[in-house]
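Notes for the one structure printed next.
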Amino acid sequence: MSDKLVYIKNSEEFDSLISKEKFVLVDFWATWCTPCTMIAPIMDEIANLYSDKITVAKVDIDNNQDLAIKYGIQSIPTVLFFKDNNIVAKEVGVKPLASFKKILDEQTA
Amino acid sequence: MNNITDILIVGAGPAGLSAAVNAVVRGKTVRIFSNKENYLSKAERVDNHLGFYNISGKELMNKFSAHAKSMDIKIEDGKVVNILPFGDFFMVNVSGNIINAKNIILAMGVSNVKEITGEKELIGKGVSYCATCDGMLYRGKTAVVWDKSKDACNEANYLDSIGVNVIFISNNSTTSTSNLNKTINFIEGSIKTILGDNNVESIILDNGNKIKTDAIFILREAIAPSSLIEGLKIENGFITVNRNMETNIKGIYATGDITGKPLQLSKAVSEGLIAAQHVAKNK
């Protein structure tokens with residue numbers, strides 16, 4: 001597991017992260033969710049590949065229900081990409097690394 | 001990596017079993033999953049499979065299964081929900097368990113999955129195919145479960161047990177309701193349309209009745225191949241393959257009825273063999 005991942009503890013921490021960092025990729029997940037377990041290694045890899053550009057954050061929706069409600073999370077995994085504090089991309093479900101890379105490369109170009 | 005199987009086969013009909021037998025003959029490790037009765041078992045009489053004149057589909061299927069069993073091939077009960085490529089292997093979600101495999105052979109038969117109006121637009125916005133995956137998100141809310149497979153009842157009971165207000169919709173009033181938790185509302189019918197702008201808001205039944213809901217779980221026997229794997233090339237409902245039964249994704253093969261017409265037993269058996277031999281030759 002990458003040590004570069006940021007595990008969000010509460011909404012204050014989340015808000016401060018997305019306003020402070022230019023690019024933040026957020027993985028909404030839960031411990032009981034098998035598809036989330038599948039994409040976890042991809043989030044690790046993104047954190048390593050893009051460590052100079054993008055912050056990768058993990059939001060456990062059971063511990064952060066307010067964030068899940070705020071961002072209308074209806075199915076997990078849901079991955080949101082924030083640029084300058086705004087959501088610029090959203091991926092729902094199990095997607096390969098290439099799908100995420102395409103979005104990240106476009107958005108950070 | 002520990003415990004990585006050479007080939008994971010989805011479906012245990014003629015194509016899947018043929019692939020399994022031929023892969024095992026060539027020394028490959030195989031796991032084969034199935035969650036439904038296949039179409040061949042329902043055929044009353046088969047006359048065009050060489051060497052077996054005038055035989056029932058069920059008899060043939062039993063012979064196929066016995067053949068596989070005598071080679072120590074165990075058909076496991078499980079529904080394949082997601083397949084995710086990781087470069088040199090695949091991670092597969094089988095009924096909530098993760099299994100790693102170097103190659104995949106798809107052999108789940110024709111998926112008569114006909115999407116309904118609003119379904120595609122609202123995936124991940126209240127439309128879900130997996131109660132155990134997304135159920136927790138609807139605790140304290142209302143969810144419709146649409147009975148399209150034998151596990152629908154169990155999945156509805158699971159949702160009920162975690163505190164979802166479940167409405168069970170089925171055409172089958174007798175068998176379905178007998179195992180259903182008493183707290184679940186049962187409505188006989190079928191769903192025509194899903195409504196909602198950003199999220200699921202309601203559904204419309206075939207009799208025109210409208211039901212308000214926060215989510216709809218559509219529990220079909222098979223997940224549409226396009227939802228199973230991102231980027232799989234599909235044309236007119238059939239998976240595109242080359243002469244080696246390779247799909248557009250390296251390491252994923254498709255065999256049998258899902259690759260297109262003719263939807264015939266002998267073709268399925270041949271395609272299973274071709275895929276298995278190609279995997280064995282290359283890895």
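The values are calculated or read from the model by the stated rules, or taken from the named source; none is laboratory data. All of these numbers come straight from a predicted model, not from anything done at the bench. In this analysis, Cβ positions are derived from the backbone assuming ideal geometry, glycine residues included, and neighbour counts consider all displayed protein chains.
The selection criterion, being assigned to a helix (DSSP H, G or I), more than 14 Å from chain A (Cβ to nearest Cβ) and crowded, with 16+ Cβ neighbours inside 10 Å, holds for B:ALA275. Scanning region B:8-38 for residues that are more than 18 Å from B:PRO225 (Cα to Cα) and not small (Gly, Ala, Ser) gives B:PRO14, B:LEU17, B:VAL21, B:ASN22, B:VAL24, B:VAL25, B:ARG26, B:LYS28, B:THR29, B:VAL30, B:ARG31, B:GLU37. Summed over region B:177-200, the residues that are in contact with a Gly (Cβ under 8 Å, 6 or more places away or on another chain) and either assigned to a loop (DSSP other than H, G, I, E, B) or small (Gly, Ala, Ser) (or both) give a count of 4. Among the residues of region B:55-82, those identified as surrounded by fewer than 19 Cβ atoms within 10 Å (Cβ to Cβ) and either in a strand (DSSP E or B) or within 14 Å of chain A (Cβ to nearest Cβ) (or both) are B:ILE55, B:ILE75, B:GLU76, B:ASP77.
Restricting attention to region B:226-256, the residues that are more than 23 Å from B:VAL269 (Cβ to Cβ) and hydroxyl-bearing (Ser, Thr, Tyr) add up to 2. Among the residues of region A:18-35, the ones that are modelled with pLDDT of 95 or more, buried (at least 17 other Cβ atoms within 10 Å of the Cβ) and in a helix (DSSP H, G or I) come to 1 in all.
Out of B:PHE52, B:PHE86, one residue alone is within 14 Å of another protein chain (Cβ to nearest Cβ) and over 30 Å from B:TYR158 (Cα atoms). It is B:PHE86.
Filter region B:86-142 down to the residues that are within 26 Å of B:VAL30 (Cα to Cα), more than 15 Å from the chain's Cα centre (by Cα) and among the β-branched types (Val, Ile, Thr) and list them by number. Matches in region B:86-142: B:ILE98, B:ILE99.
Taken across region B:2-9, residues that are free of Cβ contacts under 8 Å to residues at least 12 places away in the same chain and exposed (fewer than 12 other Cβ atoms within 10 Å of the Cβ) do occur, with at least one present.
Can you tell me which residue among A:ASP66, A:ASP105, A:ASP84 is more than 9 Å from chain B (Cβ to nearest Cβ) and either surrounded by 16 or more Cβ atoms within 10 Å (Cβ to Cβ) or free of Cβ contacts under 8 Å to residues at least 12 places away in the same chain (or both)? Among A:ASP66, A:ASP105, A:ASP84, only A:ASP105 is more than 9 Å from chain B (Cβ to nearest Cβ) and either surrounded by 16 or more Cβ atoms within 10 Å (Cβ to Cβ) or free of Cβ contacts under 8 Å to residues at least 12 places away in the same chain (or both). Being closer than 22 Å to B:MET91 by Cβ, assigned to a loop (DSSP other than H, G, I, E, B) and out of contact with any Gly (no Cβ under 9 Å at 6 or more places or on another chain) is the filter here, so list the residues in region B:247-272 that pass it. Result: B:THR247, B:LYS250, B:GLY251. Which members of region A:69-81 meet the condition of being more than 10 Å from chain B (Cβ to nearest Cβ) and assigned to a loop (DSSP other than H, G, I, E, B)? If the condition is that a residue be more than 10 Å from chain B (Cβ to nearest Cβ) and assigned to a loop (DSSP other than H, G, I, E, B), then A:TYR71 is the only one that fits. Residue under question is B:ILE218, and the condition is that it be outside any helix (DSSP H, G or I) and touching a Lys or Arg at 6+ places or on another chain (Cβ under 9 Å); does it hold? Considered against the rule, which asks whether it is outside any helix (DSSP H, G or I) and touching a Lys or Arg at 6+ places or on another chain (Cβ under 9 Å), B:ILE218 comes out as yes.
For region A:6-32, a tally of residues being within 14 Å of chain B (Cβ to nearest Cβ) and over 10 Å from the mean Cα position of the chain (by Cα) returns 3.
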